[in-house]
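Values in this text are rule-based calculations from the coordinates and carry no lab data. On a predicted model such as this, the values are computed, not experimentally measured, just so you know. We place every Cβ from the backbone using ideal geometry, glycine too, and count neighbours over all the protein chains shown.
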Amino acid sequence: MPVVVVANPKGGVGKSTLSTQLAGYWASRGHKVMLGDADRQQSSKLWLSLRSPQAAPIDTWKLGPDYIARPPAGTTHVVIDTPAGLHGWRFDDVLRLADRLLVPVQPSIFDIYAAQDFLDRIASQRKLQGLKIGLVGVRVDARTRAAEQLREFLSRQPHELLGMLRPTTSYAHMAAHGLTLWDLNPNQVERDLAQWDPITRWVDAD
């Protein structure tokens, strides 16, 4: 069962956007998807509550009688959204579940330094050294100097750069209705689907 954890120590970098969109992608392919929300703000859980019953179903984890959260029966694909400042035993517990780690990074010097510290911390942990890590630029205007700096930073990392997502209000509009790109008419979001193509191929790869 593939498990993708979306993480970055900094808040507001697009973790919930990546998590909900990825869950929506897998659900659109007919998979039984669980979207787990480890963030105290519960943004992904709120998003699920806004999702239309007509959209491809996405579940969340169930709390058992022992108060341990588990995927619902039959779950085939898991996405876990994480909080800002993830560290300590919670950091270890969440990443121990992951097959792949998706790290969103925004084009600002503060985000770049925070991402570098986070990636260095993962590299220092021997038990996480086999973890597959993908990097995604978020809210990137390719015409700006900031975008060039972000691309330069990401290209120096030993992890795969999966792509850059453009700044668009479409993600905010979709979030307000519990929707994803794969719930819309593909002709309306053709450009965004193209940007997501390398990300979805990466999470689907063996």
Take Gln157 and Asp117, extend 7 Å from each Cα along the Cα→Cβ direction, and tell me the distance between the two endpoints in nm. 1.6 nm
Taking Arg151, Arg70 and counting other C-beta atoms within 10 Å, the order from fewest to most: Arg70, Arg151
Go ahead and set up a Gaussian network model of the chain, Cα springs under 10 Å, then flag whichever of Asp81, Asp37, Asp120 fluctuates most. Asp120
Determine the relative contact order of the stretch 3-204: mean sequence separation of Cα pairs under 8 Å and six or more apart, normalised by residue count, in whole percent. 27 percent
Hey, what number do you get for the chain at 222 nm if only DSSP H runs of n ≥ 4 count, each worth -39500 (n - 2.57), divided across all residues, to the nearest 500? -11500 deg cm²/dmol
Can you give the FRET efficiency to the nearest 0.05 for Thr76 and Arg145, using r as the Cβ-Cβ distance and R₀ = 35 Å? 0.25
Amide H contacts of Lys132 (H built 1.01 Å from N, under 5 Å, at least 5 apart or other chain): Leu101
Counting Lys +1, Arg +1, Asp -1, Glu -1, what net charge surrounds Leu181 among other residues with beta carbon under 12 Å of its beta carbon? -3
Given (i) 1.03; (ii) 1.10; (iii) 0.98 as possible values of Cα Rg over 2.2 N^0.38 Å, the one from the coordinates is (iii)
Most to least packed among 197-203, 52-58 [average Cβ atoms within 10 Å]: 197-203, 52-58
Straight distance only, please: which lysines reach the Cα of Lys32 with their own Cα at less than 17 Å, same-chain residues fewer than 8 apart left out? Lys45, Lys62
Could you give the length gained on full extension between Thr169 and Ile109, defined as 0.36 nm per residue of separation minus the Cα-Cα distance, in nm? 19.3 nm
Mean-position separation - Cα centroids, the stretch 144-206 and the stretch 103-141, in angstrom: 16 Å
